[in-house]
Each structure stands twice: as C-alpha cells, then as structure tokens.
Amino acid sequence: MAATQFMQYEKRYTHLVKEYAELNRTSRRALHELEISSFDLKLAEERRKVADAQLEKAKVGALGIDYVKSS
C-alpha cells in the first residue's frame, strides 16, 4: 500500500515538474518578446524623430547633399 502511494506521489511530482518547466518556458518566451517589442518601439520612436527633423529640413530646402548653408 505504501509503495503504491509512493508511486502515485512520484508520478504526480513528475507531472508537476514537467508542467512547471512548460510554464517557465512560456513565461520566459513572453518576457523575451516583451523585451524585443520594447526595444523595437524605442527604435521606431528614434526613427520617427529623425524623419520629422528631415521633413522640416526638406520643407525649407535644407536637406540633401547639394544643400550649402548660407552665412
């Protein structure tokens, strides 16, 4: 009887270890995706700032390799 109960506990423990490992993997994957998304958002914001600055320069004709700054 005790051996049967021990086997049941061991089986349950093994199942819980596998379940924990899967949850851990899933949560780590989600955190990684969040990190990558946050990084991508920051880069997009920086690209937007550069694009806005270039647009303003282009509006006044001060953008491009042919632009010569007047003194």
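The label-point distance for Leu34 and Leu55, in a model that sets each label 7 Å from Cα toward Cβ, rounds to 3.2 nm.
All alpha carbon pair distances within the chain were sorted into 10 Å bins beginning at 0; the resulting P(r) in whole percents reads 16, 18, 15, 13, 12, 9, 7, 6, 3, 1.
Extending each Cα 7 Å along its Cβ direction at Arg48 and Leu23, get the distance between those two points in nm, one decimal. Result for the modelled spin labels: 3.7 nm. Once both labels are positioned 7 Å from their Cα atoms along Cα-to-Cβ, the gap between Leu16 and Ala62 label points is 6.8 nm. 3J(HN,Hα) couplings calculated from phi for the stretch 20-35 with the Karplus curve 6.51 cos²θ - 1.76 cosθ + 1.60 (θ = phi - 60°) are, in sequence order, 4, 4, 5, 5, 5, 4, 5, 5, 5, 5, 5, 5, 4, 4, 5, 4 Hz; Gly and Pro show x.
Laboratory data are not the source of any read-out in this text; all were calculated from the coordinates shown. Computed from a prediction, not measured in an experiment: that's the story for all the values here. Counting neighbours? That spans all protein chains shown, and the Cβs are built from the backbone with ideal geometry, glycine included.
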